[in-house]
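Shown next, in structure tokens, is the structure this report addresses.
The values are calculated or read from the model by the stated rules, or taken from the named source; none is laboratory data. Only a predicted model underlies this, so the values are computations on that prediction, with no experimental measurement involved. FYI the Cβ positions are ideal-geometry reconstructions off the backbone, even for glycines, and counts take in every protein chain you see.
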Amino acid sequence: MIRRNAALGIFLFLASLASAQNVNDAGMWNTFSFSSDIKDLTPRKDPKIFKDWSLRINPEIRFNENASQVSNVFSDFGTDKKWSKYLTTSLEYRVGAKREEDWFNVRKRWSLGAQVIFPYKKFKFSSTTRCQISRAITSEIDIKSIWREKFTLEYSKSEKLTFQVSHELFFLPITLENSNWRSQVSLKYKLDKSNALSVGYLVQRDLSNADMDFVILTGYKWEFNKKKEKSTPAVQ
């Protein structure tokens, strides 16, 4: 009964937000992630220069019109360097296209970021700062020049199942005025060493016009891992 009342309360709260704000149609973002440590892509056994350094490609398809029409198609090409268990830096380039009536406009951007991580038993808290650089003149927060600050809390119930909740703030350059926010919850399930699936829900708001978006998230991740050579037992 308590769980049912809590669920009803959350539903009524979201309904009140939707009725009070300008709500866009429901959307869906589908992300595919392919990554690998650089050392696993090189013929050398253990090049120290590439230690804890990885590459990734993240194609994504976004739908609007209640998930019935393609709105964005793009891919992120990035590299991440893990300096310690507490600090990771990243460099990313995005290229793709956004639907504008009957055609698609090409969109590009660069992103430079740093993530500070605080692990504690089955929990992990992180703060991610990103500087997004673009020449595009647009109100779309994912493509224009902007500073982003994201706070994330993860709980790993097991090695395979992880629950995540995050809140992200967007700030305009120079003035540092808060222009948008984005919150999401997601559930990740690791199928095996290389494959993982995720599903989630995202709510974002444009503070300039009070528009809100409600988005379903799906994801698939494949990570390349070099097979370790089996050691040959010594001949007695």
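Structure above, values below:
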quantity	calculated
Conditions (1) farther than 22 Å from VAL116 by Cβ; (2) within 19 Å of the chain's Cα centre (by Cα); number of the one not met by PRO43	(2)
Residue in region 76-83 that is of a type in the set (Gly, Ala, Ser), modelled with pLDDT of 95 or more and out of contact with any Gly (no Cβ under 8 Å at 6 or more places or on another chain) present	yes
Selection status of GLY96, farther than 22 Å from ILE49 by Cβ and in contact with a Phe, Trp or Tyr (Cβ under 8 Å, 6 or more places away or on another chain)	yes
Filtered residues of region 173-211 (kept if crowded, with 16+ Cβ neighbours inside 10 Å and either more than 19 Å from the chain's Cα centre (by Cα) or acidic (Asp, Glu) (or both))	SER179, ASP206
Tabulated pairs, region 199-220, first over 30 Å from LEU161 (Cβ atoms), second of a type in the set (Gly, Ala, Ser) and at pLDDT 90 or above, C-beta under 6 angstrom, 6+ apart or interchain	LEU207/SER179
Tabulated pairs, region 140-158, first of a type in the set (A, V, I, L, M, F, W, C), second in a loop (DSSP other than H, G, I, E, B), C-beta under 7 angstrom, 6+ apart or interchain	ILE143/SER134; ILE143/ALA136; ILE146/LEU172; ILE146/PRO173; TRP147/PRO173
Region 118-144, subset more than 16 Å from the chain's Cα centre (by Cα) and buried (at least 17 other Cβ atoms within 10 Å of the Cβ), residue nearest to VAL95 (Cα to Cα)	SER134
Region 208-222, residues that are of a type in the set (A, V, I, L, M, F, W, C) and in a strand (DSSP E or B)	MET212, PHE214, VAL215, ILE216, LEU217, TRP222
Of all residues in region 43-69 being surrounded by 12 or more Cβ atoms within 10 Å (Cβ to Cβ) and among the aliphatic types (A, V, I, L, M), the one that is modelled with the lowest pLDDT	ALA67
In region 50-85, the residues that are assigned to a loop (DSSP other than H, G, I, E, B), farther than 21 Å from LEU202 by Cβ and not hydroxyl-bearing (Ser, Thr, Tyr)	LYS51, ASP52, TRP83, LYS85
ARG109 being farther than 25 Å from VAL185 by Cβ, among the basic types (Lys, Arg) and not in a strand (DSSP E or B)	no
Residues that are assigned to a strand (DSSP E or B), basic (Lys, Arg) and over 19 Å from LYS150 (Cα atoms), drawn from region 170-207	LYS190
Residues located in region 50-94, provided they are under 11 Å from MET28 (Cβ atoms) and without any contact (Cβ under 8 Å) to a residue 12 or more places away in the chain	SER68
Selected residue (criterion: modelled with the lowest pLDDT) from residues of region 13-42 that are over 30 Å from VAL70 (Cα atoms) and loosely packed, with under 14 Cβ neighbours inside 10 Å	THR42
The listed residue being at pLDDT 95 or above, assigned to a strand (DSSP E or B) and over 22 Å from ASP213 (Cα atoms), out of THR88, THR152	THR88
